[in-house]
């Protein structure tokens, strides 16, 4: 049994609580939250503390709070030389206070409040200062996921940028597609199978091999038709830039 | 049994042949192709013709060739007043020659050569000049798919533009994510679950509700970190534009 204290009550924290409380090899000893109301549906109140002095003993302390608060929370812990990790994709290992052993336990996924997540396929990206702590985090990661990776701070930074492209920006393109459909009285559901297939494709093909469309074909006639059709200046700019980027990328 | 003659031998044509030859309620009478070699693995040579004069009688003629060739092929058909349709998302109904009854049978999906496609969930977007032809195309569509929609030329044009955003451009963002991973010795597979979840999410949530990330949170610190990290000017431009677009879209 790995004893865990989790600190945080936000979106990622709640998903971690949800999965960790249900795994037999993890003992979720306690959760620290300034606002315990948010956790009442997940845990008995006896397991929730909001006073740093009452934090229990554990093998690992997982700080899952907003990036800006990691340093403060780690600094207020009333003990030293224990393993304290954060769950942030965009924060360096070094934001954690020096008095404890540092680590990162970053589940690379987009978490939606209220939407239950299967952790099994989610990559858990780990970083520690020493091998022993790495083994502990690896064991912990394996309790909830089949995919555990050693990723250093520099790599994690690049992963986080890449994630913005393939998740946040991709979703924004879905939103533009949705708006174009709405403006033309077409149910967005018509595009669902295309969206799913586009995502499925890259499980088998490299994205470069999976690329299709007028930009790749250099089909200037269709591209011009599309630009004429798009009245929104913002959409036109995005269309032109991504078309050009596809064409440049293809030359390389 | 609906009698079909298909004209074309390219990517979409091959996928249509594959599905139509295996459906009991469709009689794929014949395929017309200038280059029959491409179809030998799909059909007996007795079913393939390359002479317009030898085209058999059918209920519907499906022209599935490149956009530029639709007008020419439809003009060369040696008969009139039959139902002739094309399969193009970006072509108007009017590109078909006037001597026959016109229609569109547009399967909205990204087709990859050699990757077998399940047509059942693929939206078939139909347009005809009269109700009787519409019923015929609807019956034909229902033979291969559960989703048949009536979509006029103007709507289809908008759908095609939307499809470029949610498929071609999305795939390009996958490619950028892949390149960032490669440059930092990270297997792209680490991003696969995130990509799948991002696509799955919009089956339940509207894209606007599903949006996450530093742009939406107005997290200027993380955005600046990401811009500092990206050395490629093209990526920086795309990052800035899409970040801004997310922020503007959110204000509306």
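The values are calculated or read from the model by the stated rules, or taken from the named source; none is laboratory data. What you see is a predicted model, and the numbers here were worked out from it, not measured in a lab. Because the Cβ atoms are built from the backbone with ideal geometry, glycine has one as well, and the counts that use them run over all protein chains shown.
The table that follows gives values for the structure above.
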{"quantity": "Some residue of region B:57-64 being touching a helix residue (DSSP H, G or I) at 6+ places or on another chain (Cβ under 6 Å) and at pLDDT 95 or above", "calculated": "yes"}
{"quantity": "Top-ranked residue of region A:20-45 - restricted to ones that are modelled with pLDDT under 95 and part of a helix (DSSP H, G or I), ranked as surrounded by the most Cβ atoms within 10 Å (Cβ to Cβ)", "calculated": "A:39"}
{"quantity": "Matching strands (runs of 3 or more DSSP E) fully within region A:71-158 where at least 2 residues are more than 24 Å from residue A:33 (Cβ to Cβ)", "calculated": "A:123-128, A:147-150"}
{"quantity": "Enumeration of residues in region B:215-237 that are part of a helix (DSSP H, G or I), within 7 Å of chain A (Cβ to nearest Cβ) and in contact with a helix residue (DSSP H, G or I) (Cβ under 6 Å, 6 or more places away or on another chain)", "calculated": "B:215, B:222, B:226, B:229, B:234"}
{"quantity": "Criterion: at the interface with chain A (Cβ under 7 Å from one of its Cβ atoms), assigned to a helix (DSSP H, G or I), at pLDDT below 95 and more than 19 Å from residue A:198 (Cβ to Cβ) - qualifying residue of B:201, B:208", "calculated": "B:208"}
{"quantity": "Exclusive hit being surrounded by 14 or more Cβ atoms within 10 Å (Cβ to Cβ) and either more than 26 Å from residue A:243 (Cβ to Cβ) or touching a helix residue (DSSP H, G or I) at 6+ places or on another chain (Cβ under 7 Å) (or both), set B:171, B:248", "calculated": "B:171"}
{"quantity": "Subset of region A:118-155 [out of contact with any strand residue (DSSP E or B) (no Cβ under 9 Å at 6 or more places or on another chain) and within 24 Å of residue B:198 (Cα to Cα)]", "calculated": "A:118, A:146"}
{"quantity": "Criterion violated by residue B:185 - all others in (1) in contact with a helix residue (DSSP H, G or I) (Cβ under 8 Å, 6 or more places away or on another chain); (2) in a helix (DSSP H, G or I) satisfied", "calculated": "(2)"}
{"quantity": "Yes/no for residue A:175 being within 22 Å of the chain's Cα centre (by Cα) and within 8 Å of chain B (Cβ to nearest Cβ)", "calculated": "yes"}
{"quantity": "Lone unmet requirement of (1) over 14 Å from residue B:141 (Cα atoms); (2) not in a strand (DSSP E or B) for residue B:17", "calculated": "(1)"}
